[in-house]
Each structure stands twice: as structure tokens, then as C-alpha cells.
Amino acid sequence: MPSNLEEYRGVAVFIEQSRGKIAVVAFELLGEGRKLADKLGVPLAGILLGDNVHSLAAEVIQYGADAVYLIADHRLKNYTTAAYLAASLDICQKYKPEILLLGATTMGRDLGGALATKLGTGLTADCTGLDIEEGTRNLKQTRPAFGGNILATIMTKRHRPQMATVRPRVMVALPPDARRTDKIIEEKMPACDLPARVLDFVCQIKTDAPLEDAEVIVAGGKGMGGAKNFALLKELADLLGGVVGGSRKAADAGWVPVSAQVGQTGKTVRPKIYFACGISGAIQHLVGMQTSDVIVAINTDREAPIFRLATYSIVGDLFAVLPIFISQFKERLK
């Protein structure tokens, strides 16, 4: 084992932001990072990159960080791999965190892979659990493997930093504490070649809330029998101000768009209420919705795995049950 592992101390979280707004996953990772830092007895830092982002540093502190490593530069206004890689690499090489967490988003996945390569360390993607191994400082990184059929725990014992990406809605953010005070450590943008630059940014506005942000999700699986039957789920979702989701089998069959798929190869969600209609509950699906506050499962198979996770289990024909739900909610929501 390399002798220089002792040089690395502290937990760092990459603070993903876009056009002056911090991504929800960054707050969630600060909450998880706070737990890890406290177990190790080390500080928690946020790595904040962008242009004119000084005002965001206070939020990072309020959500659990002890310090913020900040680089503000016009070249960081829009995300590009080269610019963000140069800036984050400079910070990691200077401050040497033993753990570095990023969101498993488009930005986090792109940056995480490039950064791990430059640092010569490992990266565990799409983690669903993080902990510290007793008796060592090794990060236990748990993620689904083999198509979601098992949970594997991975450790980076010989290299630092220990890097992991975590999907949005997997971890829980701490409530903000306005009493926490700023400790901002500002660095300069390092010299680097930027082979590409962003000319324009076009934002596509969606009428429905993103699946991972929805408070109510009505999801269907193979038991729905066909795309036309998802109209029943849409009626219930609209009634409750929610959105429609689906299992992998439903997405593979084309009954729901891929963007609506819940599970290991789809979205990870944490709604207040999750309706699982005709979904048996394969582990690939369960890892994507198991942290929902309330789970209502409807299935004709009383042995379906989804029932072991459900808050309320209904053994029955969903085409008989859902119309009753819709009728009752319409009556109560008048």
C-alpha cells in the first residue's frame, strides 16, 4: 500500500450548479458527506466552480460544509469538461481530500470519470449506500451490480481520493442552518488549454415535473398489459398532481418513455407517495424507489417481492382497484 495515503484527509463534495442554482443532489451529498466526515473526525468541504458564484457559497455552508473551495472564472460560466477538470484537479491536488463525492448526473458522470483518470484513482458509480469501514479509513461504496440483482460493496484501498457518484434522491439533505458561518477559500483558475467553448445554451421547458422531483408517482409495470392502459395511471396522477412512471419492462415495451423509467437503469426517485401498479418488484426496480415515503402496491400475486417493501399492499386486479381510488380521490378532493 502506498505510504502517502496519510497525506489525504477530509471529505469533499463537488457542488454542481447551473446558471446560479445549486443542484439538489449537491445538498443531498453534503448531508451524506457530513455523516462520513463526522465518523472520520475530519472537515467537510464543498468544491464550487463557476462564474459569479460567490453568493452560492453561503448555501453550501448552511447545508453542512465546513469550508468551500471556490474558483470563480468566466471560463467556468458554462460546463465544459476541460475547464471543470482543470479547476477541480487543481483543488484536489492541493488539498488532497481522502473522499470525493459527485452526483451521478450528466455533469457529475462526465467530470468524475475524467477526474479519476487524472488522479490515478478508482471511481464507483451510482452508489446507493456509503459508510466507513470499521478500523480503517476505507470508504464502503455500495451499488447494485449484475443488472441490479445483487448489491456489491466496493472499496478503494490503495489509492486516494476514494471517489463515488451518487444518484439524485438517494441520500437525504440536512435542513439548512443559517447560523453556520462562511469559510471560503478562493483559488485562481489554473492555466489550461480549452479546445471547446459553449456558444449558446438552449433550455427546453417541460410541462410535467421531472420524475425525480415529483412528490407523487403512479408507476406501472408488466401487469398493465399495454400502453393504452397507462391512461388509467395518468388519470390518477393528474388528480393527485403527480407524474406517471414505469418499470424497465414497461419502458422496454414502449409503454412509457425511457425518461419515465424507475430503477437501476432508469431514475432514482424519492416521492411522498409511490403507487406500484402491476409491478412485481425486481431488485432492479426496488433500488430506484425504495426510499419513497409511502409505497402503495397493487398486484394479483400475493408473493410479489414489491409487497415486502410496500407500506400498503393490495392483492387484487388493478383494473378494479384503480377506478375505486380515482372515484374516492375525486370525491375527497372536491
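Data table
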{"item": "Qualifying residue in the stretch 149-163 (condition: among the polar types (S, T, N, Q), part of a loop (DSSP other than H, G, I, E, B) and either within 23 Å of the chain's Cα centre (by Cα) or within 20 Å of G266 (Cα to Cα) (or both))", "result": "yes"}
{"item": "Within the stretch 152-170, tally of residues that are polar (S, T, N, Q) and crowded, with 24+ Cβ neighbours inside 10 Å", "result": "2"}
{"item": "Unique residue being farther than 15 Å from T105 by Cβ, touching a strand residue (DSSP E or B) at 6+ places or on another chain (Cβ under 8 Å), outside any strand (DSSP E or B) and not β-branched (V, I, T) when the list is L70, L5, L36, L29", "result": "L36"}
{"item": "Filtered residues of the stretch 289-310 (kept if closer than 18 Å to P271 by Cα and assigned to a loop (DSSP other than H, G, I, E, B))", "result": "Q290, T291, S292, D293, L309, A310"}
{"item": "Selection count, the stretch 245-258, where residues are in contact with a helix residue (DSSP H, G or I) (Cβ under 7 Å, 6 or more places away or on another chain) and outside any loop (DSSP other than H, G, I, E, B)", "result": "7"}
{"item": "Pairs with Cβ under 9 Å, 6+ apart, first in the stretch 170-195 and under 28 Å from R143 (Cβ atoms), second assigned to a loop (DSSP other than H, G, I, E, B) and among the small types (G, A, S)", "result": "V170/A104; A173/G64; L174/G64"}
{"item": "Residue match in the stretch 217-234 (condition: outside any helix (DSSP H, G or I), without any contact (Cβ under 8 Å) to a residue 40 or more places away in the chain and either in contact with a helix residue (DSSP H, G or I) (Cβ under 7 Å, 6 or more places away or on another chain) or under 29 Å from T106 (Cα atoms) (or both))", "result": "no"}
{"item": "All positions within the stretch 244-260 that are touching a Lys or Arg at 6+ places or on another chain (Cβ under 9 Å) and within 23 Å of I326 (Cα to Cα)", "result": "V244, G245, S247, A250, W255, A260"}
{"item": "Residue within the stretch 73-82 that is touching a Cys at 6+ places or on another chain (Cβ under 8 Å), assigned to a helix (DSSP H, G or I) and among the small types (G, A, S) present", "result": "yes"}
{"item": "Test: residue in the stretch 18-37 that is of a type outside the set (A, V, I, L, M) and more than 21 Å from V170 (Cα to Cα)", "result": "yes"}
{"item": "Enumeration of residues in the stretch 269-285 that are at negative phi, surrounded by 24 or more Cβ atoms within 10 Å (Cβ to Cβ) and part of a loop (DSSP other than H, G, I, E, B)", "result": "V269, P271, I279"}
{"item": "Count - residues of the stretch 118-164 that are among the small types (G, A, S), touching a strand residue (DSSP E or B) at 6+ places or on another chain (Cβ under 9 Å) and closer than 23 Å to L85 by Cβ", "result": "3"}
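Where a number appears in this text, it was derived from the coordinates with a stated rule and is not lab data. Keep in mind it's a predicted model, so treat the numbers as computed, not measured. Neighbour counts are summed over all protein chains in view; Cβ atoms, including those assigned to glycine, are modelled from backbone coordinates with ideal geometry.
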